[in-house]
Amino acid sequence: MSIRIRNAVEDDFPSVLSLIKELAEFEKAPDKVTNSVELMNMEKDFFHCFVAETDDKEIIGIALYFFVYYTWVGKSLYLEDIFVKSSFRGKNIGTALMEKIFETAKTEDCKRIRWQVLNWNYKAIEMYKKIGAEVDEEWCNCTIDHAAIRNYVIKE
């Protein structure tokens with residue numbers, strides 16, 4: 001079996017969303033996914049995605065990313081999600097997806113690649129450290145969801 005890494009197209013969005021939901025299950029947060037294929041189609045200009053595909057065209061992995069600007073370093077790539085179906089792990093598919101991310105960051109002259117990993121995902125952390133990532137234990141994530149954004153009152 002060979003695996004092909006390619007850019008995702010709109011027809012891939014149902015499979016990409018399915019993997020996002022599988023990732024949410026893995027991360028013990030299945031109820032947090034509110035995205036939809038329709039929303040992905042509407043917002044397709046805001047993200048990029050690589051898919052890992054088998055010979056029979058099954059999408060078994062994703063690397064979803066976008067470009068950001070960090071004030072300290074400049075243009076950067078943010079890897080939102082990288083995920084490989086559990087039955088295909090250990091076959092270097094995640095590594096192949098990361099290589100596409102690095103290739104893109106080099107081509108785009110990005111100054112940084114950044115992503116998050118849950119502190120209990122030891123296998124991922126080990127892989128990231130092997131490729132030279134610095135796993136930061138100092139910074140905390142801050143999130144405001146859609147409802148909080150809509151309900152925020154600006155004080156005058």
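Checked against the criteria, ALA96 counts as surrounded by 13 or more Cβ atoms within 10 Å (Cβ to Cβ) and either of a type in the set (S, T, N, Q) or in contact (Cβ under 8 Å) with a residue 60 or more places away in the chain (or both). Of the numbered criteria (1) of a type outside the set (Ser, Thr, Tyr); (2) touching a Lys or Arg at 6+ places or on another chain (Cβ under 7 Å); (3) in contact (Cβ under 8 Å) with a residue 60 or more places away in the chain, the one LYS91 fails is (2). Within the set THR34, THR71, the sole residue that is exposed (fewer than 11 other Cβ atoms within 10 Å of the Cβ), closer than 26 Å to ALA147 by Cβ and either out of contact with any Leu (no Cβ under 8 Å at 6 or more places or on another chain) or at pLDDT below 95 (or both) turns out to be THR34. The single condition among (1) farther than 27 Å from MET1 by Cα; (2) out of contact with any helix residue (DSSP H, G or I) (no Cβ under 6 Å at 6 or more places or on another chain) that ILE113 does not meet is (2).
If you go through segment 92-115 and keep only what is modelled with pLDDT of 95 or more and polar (S, T, N, Q), you end up with THR104, THR107. Taking the criterion of being basic (Lys, Arg), under 14 Å from ALA63 (Cβ atoms) and in a loop (DSSP other than H, G, I, E, B), the only residue of segment 78-109 that qualifies is LYS85.
Within segment 1-30, no residue that is free of Cβ contacts under 8 Å to residues at least 60 places away in the same chain sits with its Cβ atom under 6 Å from a residue that is surrounded by fewer than 14 Cβ atoms within 10 Å (Cβ to Cβ) and part of a strand (DSSP E or B) at 6+ positions apart or across chains.
Looking only at segment 1-51, filter to residues that are β-branched (Val, Ile, Thr) and part of a helix (DSSP H, G or I); which one of those is nearest to ASN119 (Cα to Cα)? Per the criteria, the residue is ILE20. In segment 50-72, the residues that are under 16 Å from SER87 (Cα atoms) and touching a residue at least 24 places away in the same chain (Cβ under 8 Å) form Cβ pairs under 6 Å with partners that are of a type in the set (Ser, Thr, Tyr) and not in a loop (DSSP other than H, G, I, E, B), at six or more places apart or across chains, as follows: ILE59/SER15. Anything in segment 110-122 that is out of contact with any Lys or Arg (no Cβ under 7 Å at 6 or more places or on another chain) and either part of a loop (DSSP other than H, G, I, E, B) or surrounded by 11 or more Cβ atoms within 10 Å (Cβ to Cβ) (or both)? List them, or say none. Listed by number, the residues that qualify are ARG112, ILE113, ARG114, TRP115, GLN116, VAL117, LEU118, ASN119, TRP120, ASN121. The criterion of being at pLDDT 95 or above, surrounded by 11 or more Cβ atoms within 10 Å (Cβ to Cβ) and among the basic types (Lys, Arg) does not hold for LYS57.
For segment 123-156, the candidate set comprises residues that are in contact (Cβ under 8 Å) with a residue 24 or more places away in the chain and surrounded by fewer than 10 Cβ atoms within 10 Å (Cβ to Cβ); within that set, the residue that is nearest to the chain's Cα centre (by Cα) is ASN141.
The values are calculated or read from the model by the stated rules, or taken from the named source; none is laboratory data. Source: prediction; values computed, not measured. We place every Cβ from the backbone using ideal geometry, glycine too, and count neighbours over all the protein chains shown.
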